[in-house]
Amino acid sequence: MRRWLLLLPLLAACVTEAAPLAPAVWYSVAPMPNPPRVGTVDRDRVIEAFRKSQVFHEYCAATTRERERAEKRGDQRGAAVLGVQEKSVLAVRDGENDPARAVPVVLIVLDRVLPQIAVTHAVDIIVDEGSWKGEAKNVIDVTDAFLKELVADEG
């Protein structure tokens, strides 16, 4: 638990950086085969579906609840970090950020399904559409798999 508390300021700093922090790589296996099987994601479509999804709205509500609990406990530092995180997720929800800035939040919330999507679609790495420049065994679009996961969380 203490380790997580030490990482919260780093997360807050990442969330509040001026430049977009969206990674081109959404998921990858280690060690990476050469050449890898590449899955691509249409970032804009996933982010738009994510912003409308129930799982994201639940994540927003949970972040607010955790900040309020930290305030009640008198944990000023924890409340401040959670407040920054809350501000960031609310900006994603309201569409106030550059869509690229939403990717870290998407990856945090959907972390549990990334390996499943990779295995199901037989890919070694998932990247933003158009960002893969190296050699690849194949390149397939896995955007619909992300969209299905977001819809599945609603049902």
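The values are calculated or read from the model by the stated rules, or taken from the named source; none is laboratory data. None of these values were measured; they are calculated from a predicted model. Cβ: placed from backbone, ideal geometry, glycine included. Neighbour counts: every protein chain shown. Side chains are part of the model used for accessible areas, which takes the heavy atoms of the whole protein and leaves out ligands, DNA and RNA. Shrake-Rupley method; radii C 1.70, N 1.55, O 1.52, S 1.80 Å.
Please work out if V84 is of a type in the set (V, I, T), buried (at least 16 other Cβ atoms within 10 Å of the Cβ), farther than 14 Å from F50 by Cβ and modelled with pLDDT of 80 or more. Break it down into steps so the answer makes sense when it comes.
Values: of a type in the set (V, I, T): yes; buried (at least 16 other Cβ atoms within 10 Å of the Cβ): yes; farther than 14 Å from F50 by Cβ: yes; modelled with pLDDT of 80 or more: yes.
Answer is yes for this residue.
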Options R67, R93: the member that is in contact with a His (Cβ under 9 Å, 6 or more places away or on another chain) and surrounded by 16 or more Cβ atoms within 10 Å (Cβ to Cβ):
R93
Quick test of your reading of the structure: D111 fulfils all but one of (1) of a type outside the set (G, A, S); (2) in contact with a Leu (Cβ under 7 Å, 6 or more places away or on another chain); (3) under 17 Å from I47 (Cα atoms). Name the failing condition by number.
(2)
Which condition number does D111 fail, the rest of (1) open to solvent by less than 60 Å² (accessible area, probe 1.4 Å); (2) free of Cβ contacts under 8 Å to residues at least 12 places away in the same chain being met?
(1)
From R93, R69, grab the single residue that is charged (D, E, K, R) and within 14 Å of the chain's Cα centre (by Cα).
R93
Might you let me know whether region 118-135 holds any residue that is open to solvent by less than 50 Å² (accessible area, probe 1.4 Å) and in a helix (DSSP H, G or I)?
yes
Name, by its number, the condition in (1) open to solvent by 40 Å² or more (accessible area, probe 1.4 Å); (2) at negative phi; (3) in contact (Cβ under 8 Å) with a residue 24 or more places away in the chain; (4) not in a helix (DSSP H, G or I) that does not hold for V151.
(4)
Read through the list (1) in contact with a Ser or Thr (Cβ under 8 Å, 6 or more places away or on another chain); (2) in contact (Cβ under 8 Å) with a residue 60 or more places away in the chain; (3) open to solvent by less than 60 Å² (accessible area, probe 1.4 Å), then give the number of the only condition that V139 fails.
(3)
Being open to solvent by less than 50 Å² (accessible area, probe 1.4 Å) and under 21 Å from T120 (Cβ atoms) is the requirement here; does T40 meet it?
yes
Where V46 falls short, out of the listed (1) open to solvent by 20 Å² or more (accessible area, probe 1.4 Å); (2) modelled with pLDDT of 75 or more; (3) of a type outside the set (S, T, Y)
(1)
